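Just below is one structure, and these are the notes that go with it.
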Amino acid sequence: MRRWFRLTAFRVCAFLTVLSAILLTSAPPWLFAADAAAIDKPSGLDKVAVYQGTWKLTVEHLETPFGKASHEETNLRNDCWRSAAFYACNQFVDGDSKALLVFTYDAKSDAFRSHITLPDGTDAGGGKLLIKGNVWTFPWESTENGKTTHFRILNTFTSNDAIEFRQEYSTDGEHWTVMARGSETRVE
C-alpha cells in the first residue's frame with residue numbers, strides 16, 4: 001500500500017508539473033502584461049532616478065514682475081545616487097557644481113520632499129515635490145509685505161529622455177501666469 005501511495009503521489013506531482021509547464025508556455029502574453037508593467041515601473045523614491053544623467057536645457061523667460069524676457073541654453077548634469085532613504089543629485093550647470101538636491105519620500109503619505117544646498121553650504125530651501133504620473137510639480141510660496149505669491153515648476157516627462165517644463169506664479173493659488181517655459185532633452 002505504501003508503495004502504491006508513493007507511486008500515485010509521484011504521478012500526481014509529475015502530472016501537475018507537466019500541466020503547469022504546458023499552461024505557462026501556452027498562456028497568452030496579455031495574461032502577464034499587467035504584472036510585468038508593475039514590476040518595471042519604479043515606485044517611491046526610485047521614481048526620482050529618471051532625473052539622473054546629462055540634459056540639454058532650453059528656456060524662454062517671459063517678462064513678468066519677477067524677471068525680464070530672455071532666452072537661455074545650458075547643459076545640466078545630475079550626478080545622482082541613492083543611499084537608503086535619500087536620493088541625492090549634485091547638479092552641474094555648464095560643468096560647474098551649483099547645488100546638491102536631496103530627495104526624501106514618505107510612503108505613508110506618498111509625499112516627496114526636496115532640499116537644496118549650495119556649494120558654500122547655504123541652505124537654498126526646498127519643499128514639496130508632487131509626482132502624479134509623468135508630471136512633477138515643485139510648489140512653493142513667498143510672502144512679502146503681507147502678500148503671498150504662489151509659485152510652481154511643472155515638469156512633464158514626455159518620455160524618460162525628454163521633459164517639457166514651465167515655471168508659473170499666482171496671486172490667488174488658482175489662476176497661473178507663465179514666467180518661463182522650456183525643454184530638457186537627455187544627451188547621455
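Counting neighbouring Cβ atoms within 10 Å and putting the fewest first, the residues Glu72, Glu184 line up as Glu72, Glu184. In terms of its C-alpha gyration tensor, the stretch 146-188 has a prolate overall shape, because the principal axis ratio a/c (a ≥ b ≥ c, square roots of the eigenvalues) is not below 1.5 and a/b outweighs b/c. Each of His115, His175 was scored by other Cβ atoms within 10 Å of its Cβ. Arranged with the fewest first, they read His175, His115. Computed from point charges on the beta carbon alone (+1 for Lys and Arg, -1 for Asp and Glu), the dipole magnitude for the stretch 44-186 about its Cα centre is near 360 Debye.
Using the Kirkwood radius over Cα pairs, work out the Stokes-Einstein diffusion coefficient for the stretch 44-186 at 20 °C and 1.002 mPa s, in µm²/s as a whole number. After rounding, the answer is 133 µm²/s.
Across the stretch 70-109, counting alpha-carbon atoms alone, Rg and Dmax equal 13.3, 42 Å. In plain terms, the residue of Tyr51, Tyr87 with the fewest other Cβ atoms within 10 Å comes first and the most crowded comes last, giving Tyr51, Tyr87. Each principal axis of the Cα cloud of the stretch 41-111 was taken in turn, and the coordinate range along them, longest first, works out to 41, 28, 22 Å.
Values quoted throughout were computed directly from the atomic coordinates according to the rules given, and no laboratory measurement underlies them. Quick caveat, the model's predicted, so the values are computed rather than measured. Cβ coordinates were reconstructed from backbone atoms using ideal geometry, including for glycine residues, and neighbour counts include every protein chain displayed.
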